[in-house]
1. Once R0 is set to 45 Å, what does the formula 1/(1 + (r/R0)^6) return for the Cβ-Cβ distance between residue 285 and residue 318, expressed as a FRET efficiency to the nearest 0.05?
2. In what order do 144, 49 fall by count of nearby beta-carbon atoms within 10 Å, going from fewest to most?
3. Give me log10 I(q)/I(0) at q = 0.10, 0.14 Å⁻¹ for the chain, Debye formula, one equal scatterer per alpha-carbon, no solvent.
4. Under the 0.36 nm per residue contour assumption, what length would be gained going from the current alpha-carbon distance of residue 139 and residue 263 to full extension?
5. Can you list the residues of region 187-217 with backbone N under 14 Å from a point 7 Å past the Cα of residue 240, pointing along Cα to Cβ?
6. Quick check on the chain: helices-only [θ] at 222 nm, where DSSP H runs of length 4 and up contribute -39,500 (n - 2.57) each and the sum goes over total residues. Nearest 500, please.
7. Points 7 angstrom from Cα along the Cβ direction at residue 79 and residue 191: gap in nanometres?
8. Once you have a ≥ b ≥ c as the square roots of the Cα gyration tensor eigenvalues for region 259-342, tell me rounded if a/c is under 1.5, and otherwise prolate or oblate according to whether a/b is larger than b/c.
């Protein structure tokens with residue numbers, strides 16, 4: 001069978017430019033005018049040109065792909081973020097390779113080793129425990145999501161995109177205080193993760209500012225961030241006689257597990273215990289009762305991550321970027337206590 005794949009030379013001829021110019025436009029590398037780019041893009045579309053990713057990777061001794069490491073692909077926040085990230089990278093000719101670590105540091109290290117062997121064009125590391133740059137070459141563009149940039153800080157090949165996790169803790173504290181909660185409890189995300197520590201610390205600080213203390217015995221670290229873990233954590237707290245009148249669950253799935261445990265024990269929500277979740281996944285609005293939560297913006301995070309990664313891969317950044325994405329409170333019935341409804 002004859003290979004009818006369109007070549008870069010044919011694209012260059014159709015656009016009236018050199019092969020080198022076509023390459024620069026495709027790779028977002030080097031200078032070219034907006035008019036030139038428009039002609040090249042038009043020729044690519046008319047001829048249905050597809051870059052030979054394998055050949056490009058072999059020439060450059062790197063894979064035309066970005067490695068994406070997430071702790072839990074089943075978490076709606078990460079899946080929505082990846083969809084947007086992938087769309088942005090695909091549009092520029094980069095594919096993605098996804099690794100799921102299950103919050104396991106050993107698995108995370110194995111993922112880092114695999115990426116180092118593949119010589120990927122860049123790495124997106126979401127909510128990681130380990131610093132990926134310890135295992136992978138320091139010149140590989142690396143973008144951290146929901147993790148403080150490790151030692152060395154931002155640079156041409158190091159950037160970060162984060163939800164405003166300080167605001168997350170603050171908004172949750174304000175909402176429970178508004179409900180009159182005097183004995184709040186926290187169900188944290190995975191223990192040891194930077195995001196968990198930031199949210200919990202901010203929550204405690206805002207409660208203190210509002211005149212409410214957070215007792216350490218009411219800070220609970222479930223083994224996972226899913227529904228069963230939230231259910232089991234609250235069931236165990238009730239069995240132990242722990243006195244609490246509010247819950248800040250750092251994922252919505254933990255929160256919905258908490259709601260189920262409270263319902264099983266005849267504890268009324270929000271009259272007896274108010275509950276705030278985090279993430280605003282689709283199911284939050286359909287829980288019983290509908291869940292008040294802190295909404296993140298995974299699509300905005302994914303879009304920014306793609307944009308910044310492409311800039312780093314093209315060598316366009318003299319200094320890395322740090323983007324903080326706002327969060328917001330979505331109030332539903334799980335915190336609507338009579339006269340406190342606003």
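1. The value I calculate is 0.55.
2. Details: 144 27, 49 19.
Fewest to most other Cβ atoms nearby, the residues stand as 49, 144.
3. -0.66, -1.03
4. Values: separation 124, 0.36 × 124 = 44.64 nm, distance 5.27 nm.
Extra length available between residue 139 and residue 263 comes to 39.4 nm.
5. Answer for this model: 187-188, 215-217.
6. Numbers: 11 runs with 140 residues, N = 342.
After summing the helix terms and dividing by the residues of the chain, the value is -13000 deg cm²/dmol.
7. In this crude spin-label approximation the distance works out to 2.9 nm.
8. Numbers: a/c = 4.44, a/b = 3.19, b/c = 1.39.
Since a/c reaches 1.5 and a/b is larger than b/c, the shape of region 259-342 is classed as prolate.
Readers should treat all values here as calculations from the given coordinates under stated rules, not as data from a laboratory. The model shown is predicted, which means the values in this text are computed figures rather than measured ones. Counting neighbours? That spans all protein chains shown, and the Cβs are built from the backbone with ideal geometry, glycine included.
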